[in-house]
C-alpha cells in the first residue's frame, strides 16, 4: 500500500478521535457524578489514542520526506503517483504484492536517482527486470515447445529493453558532462612550451601555461 494512502487513513482516524474526544469533554461537563469516572476514563483513552496517531502521522511524514529524497524529488504528487504505479506494476492477481513492491522500490533507490526523470527510468528498469524473472521462471518450467519459444522470445526482448534502459540512463546522466577542449601547443626553441592561441607576424601573443 502506498505510504500516501496510509497517511490519509491515519489522518481520518485522527479526525475521528478528535471528534470523539470533543464529545467526551462535553459529557464530562454534563454527565451525572456517578458517570464521571467512566467518562473521564474514556476521555483519557481517547487522548492517548489521539496522541499515538499524531505520532504515527509525524513518523509517516518523516518517512515520506526521506523517501522523496531517495527518489530525487520534492513533489508530493509525484511521490503518490510513483508509489501507486509501482504498486500496480508489482501486483499479482489484482492485489498488491508487498514483497515485490518493496523489491522494486529497493531497486529504484539503489540507482540513486538525482531527479524525477531518473526515478521514472529506474522504476521502468525495476518493472522490466521483474517481468524478465517471471518469464525466466516460465522458461524453466514449461514443457511444450511453443510455450518455451514464447517465453524465450519475451525474455530476450525484455533483456534488450533493460540494456537499452541502462544506456538511456547513462546518456541522460552524462548530458552536459562532455567537454571538448582544443588547444594550440607550440614548443619554442629551447624546449619551452606555449599553450594557447599563438599569432605570428609581430602581433600580440596570447600565452598560457
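Each value in this text was obtained by applying a stated rule to the coordinates, not by laboratory testing. Here the structure is a predicted model, which is why all the values come from computation and not from measurement. When we count neighbours, we look across all protein chains shown, and the Cβ atoms used for this are built from the backbone with ideal geometry, even at glycine.
Descending by average beta-carbon neighbour count within 10 Å, the peptides 123-131, 144-152, 82-90 line up as 123-131, 82-90, 144-152, the highest first. Computed from the C-beta positions of residue 48 and residue 133, the FRET efficiency with R₀ = 35 Å rounds to 0.15.
Counted residue by residue at 0.36 nm each, then reduced by the alpha carbon distance between them, the extension gain from residue 99 to residue 156 reaches 18.0 nm. Fewest neighbouring Cβ atoms within 10 Å first, the residues 19, 118 line up as 19, 118.
Packing around the peptides 71-77, 100-106, taken as the average count of other Cβ atoms within 10 Å per residue, puts them in this order, highest first: 100-106, 71-77. Model label points for residue 170 and residue 19, set 7 angstrom from Cα along the Cα-to-Cβ axis, are 5.8 nm apart.
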